[in-house]
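Each remark here refers to the structure printed beneath this line.
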Amino acid sequence: MGAEEESNKTWPPWLKPLLREKFFVQCKLHADSHKSECNMYCLDCTNGPLCSLCLTFHKEHHAIQIRRSSYHDVIRVSEIQKFLDITGVQTYVINSAKVVFLNERPQPRPGKGVINTCEVCYRSLVDSFRFCSLGCKISGISKKKRKEWTNNLSDSDDSYSSTSIGRLKKNDDIMNNGFMPSTPPLSAVNRRIAKRRKGIPHRAPFGGLIIEY
């Protein structure tokens, strides 16, 4: 299994599409209604932001409401924690309700004396949280899993190389220690045959014939 496939299995299928959506736009189906602002999302359909009138077509589905804080999308902890583990994500209190931000909010310069920051965008965090938003948690955890997967793959390659080198060395040892058949020594008979010279050469039959004219 690849790193990307493993990462995708870590999160519910609706989470990444949710974080890519643009909310608080006018609904194309109910543009004439004063309730046409799209601030709802169906976790079962994942087919884009919905307005409150669109929810009539999603009565049996799981829908959540997106809210705004300083032009950034947030969702109440009481809603999202029913469907997602938000451990490690910084929570904030807005309008007397605990919320988490959907996406990162990079900070140009951390505040003075800040010792805890987001592991992804380095935004200042209070307490001991690891991420400033759901998007940063996905990015941070996925990067960690990718690194672990790469390290495991590297370890497997090293193990394979060591095994291959070990086999080659073992084969060399076998040959050097005489376990492989070598060229047999010449026997006494073979040595005599090898050293025996050729017989006395014979002249050609017409070699001594003199022709007189």
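The values are calculated or read from the model by the stated rules, or taken from the named source; none is laboratory data. What you are looking at is a predicted structure, and each value in this text was computed from that prediction instead of being measured. Using ideal geometry, Cβ is built from the backbone for each residue, glycine included, and neighbour counts are taken over all protein chains shown. Side chains included, ligands, DNA and RNA excluded: accessible areas come from the protein's heavy atoms. Shrake-Rupley method; radii C 1.70, N 1.55, O 1.52, S 1.80 Å.
Among the residues of the stretch 94-121, how many are surrounded by fewer than 17 Cβ atoms within 10 Å (Cβ to Cβ) and either on the phi > 0 side of the Ramachandran plot or modelled with pLDDT under 95 (or both)?
Residues that pass the stated criteria total 15.
Can you name every residue in the stretch 26-78 that is over 21 Å from Asn103 (Cβ atoms), outside any loop (DSSP other than H, G, I, E, B) and open to solvent by 30 Å² or more (accessible area, probe 1.4 Å)?
Gln26, Leu55, Thr56, Phe57
Does the stretch 88-139 hold any residues that are in contact with a helix residue (DSSP H, G or I) (Cβ under 7 Å, 6 or more places away or on another chain) and among the acidic types (Asp, Glu), and which are they?
Matches in the stretch 88-139: Glu104, Glu119.
Condition test on Lys82, is it under 25 Å from Pro12 (Cβ atoms), part of a loop (DSSP other than H, G, I, E, B) and either of a type in the set (Lys, Arg) or in contact (Cβ under 8 Å) with a residue 12 or more places away in the chain (or both)?
Taking the combined requirement at face value, the residue satisfies it.
Tell me which residues, restricted to the stretch 47-73, are modelled with pLDDT under 90 and touching a Phe, Trp or Tyr at 6+ places or on another chain (Cβ under 7 Å).
Listed by number, the list is empty, since nothing qualifies.
Please go through (1) in contact with a His (Cβ under 7 Å, 6 or more places away or on another chain); (2) under 14 Å from Leu19 (Cα atoms) for Cys51 and return the number of the only condition it doesn't satisfy.
So the condition that Cys51 fails would be (2).
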